[in-house]
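Novice: First the structure, then my questions, so here it is.
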C-alpha cells in the first residue's frame, strides 16, 4: 500500500462544487492527494472531511490571498503534479443592465482567477500538467453572458501565449484547455439572473463527470486542447463557416435557450460577490436532462479531420448543418 506521503498531489481551484468538485473526486479516486481552494468555508469544511483532501480558503481573483492558500497546501501536500483552474462566475443579464462592478467581478473570477492560478502553478511545480477549464462559448459567444464569454475568450489567448513561453523554456509542464459544453452544475441555481425565469444550461446538457473525464483525458494523453460534447464541436466549427447566420439565430433564440420554465424567486441570493449557502455538490438542478456520456475529442485532431479528411470532412459538415 502506498503511503499518503508518497502519493502524487494535485491542486484544484474552485473545487468544492460543479465541475471542480467532479474533478476533485475523480483525482481522489485516481489516488492523488488533492488540495482544494475555494471561497465558501462551509463547503470547504464539508469537502475537507474526506480523507486525502486538504483545503484552503481564497478568492481566486485575489492574487495575494490565493498565493497564501497555495503555500499552505504545498506545505501539507508537497509540490503538485496536476493543477486545475476552474473557478468561475457569471450573470445572465443584458450587457446594458450590468454594472461595471458586476462585469469586472465576473472577469476577475473567471479569467484573472485562472491567470493567478497559472502564475502560482508555474512558480510551484517542477513538472506536471496545468489544466484550464474553458468553454465552447470561447469560440462562439451567446447573448446575456457577455462578461463570461469575454473571460473564456481571454483564457484561450492567455494559455496560448504562456504555452509558447513554457515550451521555449523547455520546462516539463504541459498546458491544456478543456472546452466544455453546457454542464449541469449549481451555477444555474446561484448565478445572478435578470431573465424572467430561472436560467438553465442550454441543451444538450451533460453531467459534471463528463467534464471531469475530459480533464483526465487531457492529462493522460497530453492533449493541448480538448473539445467536449457535440455542441462545442458545432460552436467551434460552425462559427468559422456561418458566423452571420449564428449571430441571427442567437439573436432570435439565444435568450430562450438559456431560460427554464421555472419561476425566478425575487429574493434568491447569488454568489457573484460572495459565496452562498449551497451543498458541496457537483450537480445542479437539471439532472433530469443531463446526459451521462459525451464525445471527448482532441481538438487538434478534429481540426485536421475537418480540413484534410475528405469523406470525414463531409461527415463533420453534416454534423454542423444538423
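Novice: Just one of 31, 78 is on the phi > 0 side of the Ramachandran plot and in contact (Cβ under 8 Å) with a residue 60 or more places away in the chain; which is it?
Specialist: Just a single option satisfies the conditions, and that option is 78.
Novice: Would you be able to tell me the number of residues in the stretch 151-173 that are out of contact with any strand residue (DSSP E or B) (no Cβ under 7 Å at 6 or more places or on another chain) and in a helix (DSSP H, G or I)?
Specialist: Summing the residues that are out of contact with any strand residue (DSSP E or B) (no Cβ under 7 Å at 6 or more places or on another chain) and in a helix (DSSP H, G or I) in the stretch 151-173 gives 11.
Novice: Let me ask you something else. For the stretch 173-188, indicate whether the set of residues that are out of contact with any helix residue (DSSP H, G or I) (no Cβ under 8 Å at 6 or more places or on another chain), on the phi < 0 side of the Ramachandran plot and surrounded by fewer than 16 Cβ atoms within 10 Å (Cβ to Cβ) is non-empty.
Specialist: no
Novice: For residue 26, all conditions in the list (1) part of a helix (DSSP H, G or I); (2) in contact with a strand residue (DSSP E or B) (Cβ under 9 Å, 6 or more places away or on another chain); (3) touching a residue at least 60 places away in the same chain (Cβ under 8 Å); (4) surrounded by fewer than 24 Cβ atoms within 10 Å (Cβ to Cβ) hold save one; what is the number of the exception?
Specialist: Every condition holds for residue 26 apart from (2).
Novice: Do we find a residue being under 16 Å from the mean Cα position of the chain (by Cα), at pLDDT 95 or above and under 26 Å from residue 224 (Cβ atoms) anywhere in the stretch 63-81?
Specialist: The answer is no; no qualifying residue exists.
Novice: Now a separate question. Taking the condition out of contact with any helix residue (DSSP H, G or I) (no Cβ under 9 Å at 6 or more places or on another chain) and either more than 16 Å from residue 289 (Cβ to Cβ) or surrounded by fewer than 23 Cβ atoms within 10 Å (Cβ to Cβ) (or both), does residue 150 pass?
Specialist: No.
Novice: Only one of 102, 65, 41 is under 23 Å from residue 194 (Cβ atoms) and either touching a strand residue (DSSP E or B) at 6+ places or on another chain (Cβ under 7 Å) or surrounded by fewer than 22 Cβ atoms within 10 Å (Cβ to Cβ) (or both). Can you tell me which?
Specialist: Of the residues listed, the single one that is under 23 Å from residue 194 (Cβ atoms) and either touching a strand residue (DSSP E or B) at 6+ places or on another chain (Cβ under 7 Å) or surrounded by fewer than 22 Cβ atoms within 10 Å (Cβ to Cβ) (or both) is 102.
Novice: Is it true that some residue in the stretch 46-53 is buried (at least 23 other Cβ atoms within 10 Å of the Cβ) and over 25 Å from residue 166 (Cβ atoms)?
Specialist: Checking the stretch 46-53: at least one residue is buried (at least 23 other Cβ atoms within 10 Å of the Cβ) and over 25 Å from residue 166 (Cβ atoms).
Novice: Could you pull out the residue among 128, 157, 117 that is within 18 Å of the chain's Cα centre (by Cα) and within 17 Å of residue 13 (Cα to Cα)?
Specialist: That would be 117, the only listed residue that is within 18 Å of the chain's Cα centre (by Cα) and within 17 Å of residue 13 (Cα to Cα).
Novice: Among (1) touching a strand residue (DSSP E or B) at 6+ places or on another chain (Cβ under 7 Å); (2) in contact (Cβ under 8 Å) with a residue 40 or more places away in the chain; (3) surrounded by 24 or more Cβ atoms within 10 Å (Cβ to Cβ); (4) over 27 Å from residue 103 (Cβ atoms), which single condition is residue 36 missing?
Specialist: It fails just one condition, (2).
Novice: Would you check if residue 167 is crowded, with 22+ Cβ neighbours inside 10 Å and either free of Cβ contacts under 8 Å to residues at least 12 places away in the same chain or under 30 Å from residue 124 (Cβ atoms) (or both)?
Specialist: no
Novice: Which strands (runs of 3 or more DSSP E) sit wholly inside the stretch 192-294 and have at least 2 residues that are loosely packed, with under 15 Cβ neighbours inside 10 Å?
Specialist: So the answer is 259-263.
The values are calculated or read from the model by the stated rules, or taken from the named source; none is laboratory data. As the structure is a computational prediction, the values presented were derived from the model and not from experiment. Ideal geometry is used to build each Cβ from the backbone, glycine not excepted, and the neighbour counts take in all protein chains shown.
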